[in-house]
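Right, one structure below, let's go through it.
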Amino acid sequence: MKLLLQLVAVCAVLSLAAAASPHSKRSTPIPTMWSQELGLRYVYFSYAAYCPTSSIQNWSCKWCSTNETSGFKPTFQAHSVTTDMRGFGGYYPTYDTIIVSFRGSSSIRNWIEDLENIRSEPYKNSTTMRIGDGWWNAYLSIRKEVLNGVAALVAQHPTSPIAVTGHSLGAAVAATCALDLVESGYPNTYLYDYGEPRVGNADYASYAAQQIKAYFRVVNGDDIVPTLPYQALGFKHSPTEVWEDPAASLNFKVCSSTDGEDRHCEPRITLSTADHLTYFGIHESC
C-alpha cells in the first residue's frame, strides 16, 4: 500500500510538471471584448485584400509592412473567375492567430445600387433563416478553397484562434465565412469587419450572433453601406456594432451586445460614400 501511494504521488507530480512545462501548448483564447488595437490591426488586413495577388503572395503590399501586419505569413489565396470574389489567409506567429481576409467590391457606387434591390434566399437548409444572395453566392464561389486553406492552417496550428475580416462586400462575406467556420467545427473563430451591410433576416442575425462568440462590426460615422439592405426588405444586423462617431475620430462606442439595430448607434442615412472608404482615419486604397 505504501508503494502504491508513492507511485500515485509521483504520477501527480509528473502531471503537474507537464502542465507547467513551457513546451505544453494551450489554446490562445478568443478576444471576446472589443479592442481598438485589434480593430486597427484588422482594418489593415481588410484593406490588404484589395491589393494585387502577387503582392499578397509575397506580403509586400501597401498595407503589408505596417507595425500591425509585418509578421504575417500568407499561405493561401482564393479567387473565383465567375464572381471575381477574392480572399486570402495565413498565420501570424507574433499573435498566434490564423487570419482570413476578404476583398470588397471594386465599384462601391455600383454595389450600393445593387444593395438597394438585393434579394434573400434560405440559409443552407433552414426554413426560417435567410441570407442575402449576393454575398452568399460570392462566398460559395470560393468556399472550398477557403475551407481547405483553413484546414491546412489548423493542422499546423491547432490551438490558434481564427480571425476573419473584410471591408464592404468583403465584410459581408467575412461574416458569412465566420459562421460557416464555426459550423464546420472551428468554434475558436472571431470576427472584426468594417462597413458591413445587413447580411440576413432577423433569425439569421440572431443565430450568427449566438454562434460567433466575438462578433464586432465597425461602422464609421455615416457610412451608407451598413444602412443597407433596408429593414423593410426583411434584413437585420447582428450585434455587436462598434460606432466610430464622428467619422474618422477614433472615438468608438460599443453598442448593444444583444440588439444589432441599437437605436443609439444609428448612422444618419446619407448619399455619400466618403465615410465608407475611410476607417480608423485610413483611406482604403491599394
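Computed from the C-beta positions of H264 and M33 and an R0 of 30 Å, the FRET efficiency is 0.95 to the nearest 0.05. The slack in the chain from E145 to L250, taken as 0.36 nm per residue of separation less the alpha-carbon distance, amounts to 34.3 nm.
The C-alpha atoms of the chain define a longest principal axis, and helix 36-48 lies at about 60 degrees to it.
Protein-only accessible surface at a 1.4 angstrom probe places the residues R103, R119, R217 in the order R119, R103, R217, largest first. Surface exposure of the chain, expressed per residue as accessible area with a 1.4 Å probe, stands at 46 Å².
Packing, taken as the mean count of other beta carbons within 10 Å per residue, orders the peptides 154-161, 41-48 from highest to lowest as 41-48, 154-161.
Under Stokes-Einstein, with the Kirkwood radius over Cα pairs as Rh, the value for segment 52-140 at 20 °C and 1.002 mPa s is 140 µm²/s. Rounding to the nearest 10 and keeping the result within 0 to 90°, find how far the Cα-based axis of helix 2-20 lies from the longest principal axis of the chain. Tilt relative to the chain: about 30 degrees. Extending 7 Å from the Cα toward the beta-carbon at both K73 and T94 defines two label points whose distance is 1.5 nm. When only alpha carbons of the chain are considered, Rg and Dmax amount to 20.6, 82 Å. Projecting the Cα atoms of L191, H167, V218 onto the charge dipole of segment 166-220, computed from C-beta unit charges around the Cα centre, puts V218 farthest toward the positive end.
Within the chain, DSSP assigns beta bridges of which about 55% are antiparallel (rounded to the nearest 5). Decide, for segment 185-259, between rounded, prolate and oblate: order the square roots of the alpha carbon gyration tensor eigenvalues as a ≥ b ≥ c, take rounded if a/c falls under 1.5, and otherwise choose prolate if a/b is larger than b/c, else oblate. Since a/c reaches 1.5 but b/c is at least a/b, the shape of segment 185-259 is classed as oblate. Here segment 224-274 is treated as a sphere whose radius is the Kirkwood value from Cα pairs; by Stokes-Einstein at 20 °C and 1.002 mPa s it diffuses with a coefficient of 182 µm²/s. A Cβ-based charge dipole, computed about the Cα centre of the chain with Lys and Arg at +1 and Asp and Glu at -1, lands at about 1060 debye. With each label modelled as a point 7 angstrom along the Cα→C-beta vector, the T82-N125 pair spans 2.1 nm. In the chain, taking the dipole from charged Cβ atoms about the Cα centre, the farthest positive-side position among S35, W243, Q156 is held by Q156. Could you work out what % of the accessible surface of the chain is carbon and sulfur, using a 1.4 angstrom probe and leaving DNA, RNA and ligands out of the count? Whole-percent figure for carbon plus sulfur exposure: 54.
According to the Cα-based calculation, Rg over Rh for segment 133-229 is 0.97, with Rh computed by the Kirkwood formula.
Distance from the C-alpha centroid of segment 208-225 to that of segment 145-189: 16 Å, rounded to the whole angstrom.
Once the Cα-Cα distance is subtracted from the 0.36 nm per residue extended length, the L233 to S257 segment shows a gain of 6.3 nm.
Where does helix 143-156 land angle-wise versus the long Cα axis of the chain, in degrees 0 to 90, nearest 10? Its long axis makes an angle of about 30 degrees. Full extension of the chain segment joining S285 with Q57 gains 80.3 nm, where the gain is 0.36 nm per residue of separation less the Cα-Cα distance.
The values are calculated or read from the model by the stated rules, or taken from the named source; none is laboratory data. As the structure is a prediction and not an experimental result, all values here were calculated from the model. Cβ: placed from backbone, ideal geometry, glycine included. Neighbour counts: every protein chain shown. The accessibility values were calculated without ligands, DNA or RNA, using every heavy atom of the protein model including side chains. Shrake-Rupley method; radii C 1.70, N 1.55, O 1.52, S 1.80 Å.
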